[in-house]
1. Within the range 60-83, can you find the residues that are in contact (Cβ under 8 Å) with a residue 60 or more places away in the chain and either touching a helix residue (DSSP H, G or I) at 6+ places or on another chain (Cβ under 8 Å) or closer than 12 Å to residue 97 by Cβ (or both)?
2. Restricting the search to the range 12-59, which residues are touching a helix residue (DSSP H, G or I) at 6+ places or on another chain (Cβ under 7 Å) and surrounded by fewer than 15 Cβ atoms within 10 Å (Cβ to Cβ)?
3. Among the helices (runs of 4 or more DSSP H) confined wholly to the range 196-277, which include 1 or more residues that are within 16 Å of ligand 2 (Cβ to nearest atom) and over 17 Å from the mean Cα position of the chain (by Cα)?
4. What number of residues within the range 379-391 are in contact with a strand residue (DSSP E or B) (Cβ under 7 Å, 6 or more places away or on another chain) and either in contact (Cβ under 8 Å) with a residue 40 or more places away in the chain or surrounded by 14 or more Cβ atoms within 10 Å (Cβ to Cβ) (or both)?
5. Just to be sure before I move on: is residue 376 in contact with a strand residue (DSSP E or B) (Cβ under 6 Å, 6 or more places away or on another chain), within 30 Å of residue 407 (Cβ to Cβ) and assigned to a loop (DSSP other than H, G, I, E, B) in the structure I sent?
6. Counting just the residues of the range 318-346 that are part of a helix (DSSP H, G or I) and out of contact with any strand residue (DSSP E or B) (no Cβ under 6 Å at 6 or more places or on another chain), which one comes out surrounded by the most Cβ atoms within 10 Å (Cβ to Cβ)?
7. What do you reckon, is residue 248 closer than 20 Å to residue 126 by Cβ, away from ligand 1 (no atom under 16 Å from the Cβ) and touching a residue at least 12 places away in the same chain (Cβ under 8 Å)?
8. In the range 224-232, is there at least one residue being in contact with a strand residue (DSSP E or B) (Cβ under 7 Å, 6 or more places away or on another chain) and either closer than 26 Å to residue 109 by Cβ or surrounded by fewer than 22 Cβ atoms within 10 Å (Cβ to Cβ) (or both)?
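No value in this document is a laboratory result; all are computed from the given coordinates. A quick note: this is a predicted structure, and the numbers were derived from the prediction, not measured. Cβ sites come from the backbone with ideal geometry, for glycine too, and all protein chains shown count toward neighbours.
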Ligand SMILES: Nc1nc2c(ncn2[C@@H]2O[C@H](COP(=O)(O)OP(=O)(O)OP(=O)(O)O)[C@@H](O)[C@H]2O)c(=O)[nH]1
Ligand SMILES: [Mg+2]
C-alpha cells in the first residue's frame, strides 16, 4: 500500500535583491531563503545588483534582468522572488522580461501566513492583509488578477474572490474588518474578566524561530507546535502558570516578528498584537546563538514601540544558550536572563525576573474599621504590616501594608 501521495516537485526559485546599502542585504537574503524553504520551494540561485535604488520600472537594471531571464530559462526556474516590495508596474514588467512568475517578499510572507492560519480569527486576519495588498495591485490589470494556478502567491483567498472586481474586494475587506471588530470586542470582554480576577498576563514575543513556543511548552506543558520553521505560530495561546512567589499569571505565546514585516500584516494583526501589548510584562525572546541576535532584538523592540509598549517592563530572554559558547556584551544588558527552553535551563531565574517585573502584589493603604468588625481588625493586624494605628471616635484607624487581595477584601474600609 502506498503511504504517501505523489507530491508535486517543489517549485524552483531564484532569489533577487537590489543592494542599496539601506539594510544588510546578505542577511536579508539568508532570511528570504529560509522563508522560501518554509513556503515549500527550493532555492536554485541568487542574483543581486548593487544600485542606489531599485529601478522604477523593472527593479533590476536591463543587463542583470537579461541575466536573470537566461538563468530562469536554463535552470527550469518556476518562480522569481524579489527581496523587497514590488510596485505593480515593476512586478508586471519583470514577469514579462523573464517570462517567469515573479513575486515579492511581502507576497511570500503573506503566503506563509495563509498556510499557517488555523483559527477563524487568524484566517480572517490573513485574508484581510492579502486583499489589502492585492487591491492596489489590481489597477491596470482589468478586473482580474493575472495570477492563477497553483504554487506560492496563490494560496489564501479562493480564486473566485481574487477574480472578482475591486468593488467586491472592497466589500469583502469591509466585511472582514467588521468580523474582526466583533472578535476584538469579545476578547476585550474576556480581558476585562481576567483583570477583574486579578490574573496578570505575561506575553512572550520575539523574532520568529527564537523558541517562544518551546519556552511556553517547557513552562506550562501547553503542547503548542514548536518547529524549526518560520512563523510556526500564528494564533496566540494562553496558559496559566504559578510563579514561585505564589502568584498566578497568564502566559501568552504569540506570532513571531521579522524584519520589514509587511505593513498590511501588522495592520491586520493589530488587535492580536495589541492584546499582547496590554500584558503586564513582556518577555522578548531571542535566539542567542544567531549572529543576528542583536538585530532581531531591535526589530522586536521597534515593533513593540509601534504598538505603544514604551514604559512597560520588558525582560530580554536570551534563549538557546545551550548552543552558545562565546560570551557577548549583548548578553549583559539590564533586565535580561539567559536560558535554554529546550533543555529547561535558567528557568528559575526567568520566573524570578517575571516576579520582579510584575507590579507589586502588596501595597500601602489607610483604613478606618468600625469597632463592630473586630474580626477585620484582627485579620489585618495578623496578616498586614501596621505602620501606625489610632483609636478614633468612628473606628480603628490603620495605616498598613498588606497583600492586595487582603486589602481588596476590606476595600469598603479604605479611606
Ligand atoms: N538548541 C535549542 N533549540 C531550541 C531552543 N528553544 C527552541 N529551540 C528550537 O528552535 C526551533 C524554533 O522553536 P519554536 O519554539 O517553534 O520557535 P518560535 O519562536 O515559537 O517560532 P515561531 O512561532 O515560528 O515564531 C525549534 O526547532 C526548537 O526546537 C533551545 O533552547 N535550544
Ligand atoms: Mg511559535
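1. Answer for the range 60-83, where residues must be in contact (Cβ under 8 Å) with a residue 60 or more places away in the chain and either touching a helix residue (DSSP H, G or I) at 6+ places or on another chain (Cβ under 8 Å) or closer than 12 Å to residue 97 by Cβ (or both): 77, 80, 81, 82, 83.
2. Across the range 12-59, the qualifying residues are 45, 57.
3. 212-220
4. Residues that pass the stated criteria total 3.
5. no
6. Here the answer is 330.
7. no
8. Yes - at least one qualifying residue is present in the range 224-232.
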